[in-house]
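Notes to accompany the following structure.
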Amino acid sequence: MKAAILFDSSAYLESPLKDRDDLFQVDFTLALPNGDIITESTDEAHLEHFFQEWMQEGTEQPKTAQPGIQDYHTAFQKIIDEGYDTVFGVYLSSGVSGTLQTAHSIGQEYEDRLNIVNFDAVGLSVNMEQLIVQMTHMIDAGSSFEAIKDEMTWLINQSRFFIAIEKHDNLIKGGRGKALNELEDESFKTLPVLEYVPEDTPVLTETFRTNKNRNRHLAELTAGFQKKYPDHKIQVGIGHTLSEDRAMRLKTAIQKLLPEQPVEIRMIGTAFCSHLGKNALSLGLMPVTNEVD
């Protein structure tokens, strides 16, 4: 088996992982109110300009577009041309995007040349990265197609992915925040935590009055998650929308309860900054399969 991994850009991978020859990406784009089309990015200067120019109060919200059909054809053909016979696809939660469905549909045209299995990451950002990291370890170790498929399915089923946002309106306008509608009429500002669940938009789990209390809650969730897997290490990842200081405070809260637990911090790119708004955080929790531990 010579395996490649195809994923959409909401994974926001960083080097050296993203530089692997066996990883292939299809990109989200955004249509700006002035008519320009841009490819999403995690470049800090790009994001600063994006928030200053297009995410101000009263500005029409940019519209995200999933990778196009031709993007998948191009990716599959490149994978074939480079001698791969197997593709593991990792895509943004099917509850908020059609990337998984499109990948499956286009992939059927290549099933005579490729063995393809697609995974719904039930999240984005660090959740997708955590899955891809473990997948590459199993590929490098020479694991079989069925072993990788089974372990990745188990990891997805065990993982949890949360978002913590400052403002409700961007997510609601983008069609991913129906769970927040009930908060719109509240007289006091609340800070919600939502969880991604299979085949649905994010569901509201808790609301808080302060970031400190919300961070404590997320840290306690992380500690509880670790206790659930006494025979496994866990991966903990924090994503942020140009708000690294807030990500660091959440990391500190987690490591206050779990001093030895590594916590990765990643930037979230333009497409989901437009939905989550500035100062939002994500939290991904996933066990480490014993196959790669």
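The values are calculated or read from the model by the stated rules, or taken from the named source; none is laboratory data. Bear in mind the structure is a predicted one, so any value in this text is a computation, not a measurement. Cβ atoms come from the backbone with ideal geometry, glycine included; neighbour counts cover every protein chain shown.
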query: Being touching a helix residue (DSSP H, G or I) at 6+ places or on another chain (Cβ under 9 Å), exposed (fewer than 15 other Cβ atoms within 10 Å of the Cβ) and part of a helix (DSSP H, G or I), is that true of even one residue in segment 19-36?
result: no
message: Looking only at helices (runs of 4 or more DSSP H) that lie completely in segment 76-177, which have at least 2 residues being assigned by TED's automatic domain parsing to the domain that holds LEU221 and touching a His at 6+ places or on another chain (Cβ under 6 Å)?
response: 169-173
message: Looking only at segment 90-113, filter to residues that are modelled with pLDDT of 90 or more and over 18 Å from ILE69 (Cα atoms); which one of those is surrounded by the fewest Cβ atoms within 10 Å (Cβ to Cβ)?
response: ASP112
task: Evaluate segment 54-61: report whether one residue or more is more than 24 Å from ARG266 (Cα to Cα), without any contact (Cβ under 8 Å) to a residue 60 or more places away in the chain and hydroxyl-bearing (Ser, Thr, Tyr).
output: yes
message: Test of understanding: among ALA45, ALA121, which residue is under 15 Å from the mean Cα position of the chain (by Cα) and modelled with pLDDT under 95?
response: ALA121
- prompt: Is it true that LYS212 is within 26 Å of GLU151 (Cα to Cα) and either among the small types (Gly, Ala, Ser) or in the same structural domain as LYS167 (by TED's automatic domain parsing) (or both)?
  reply: no
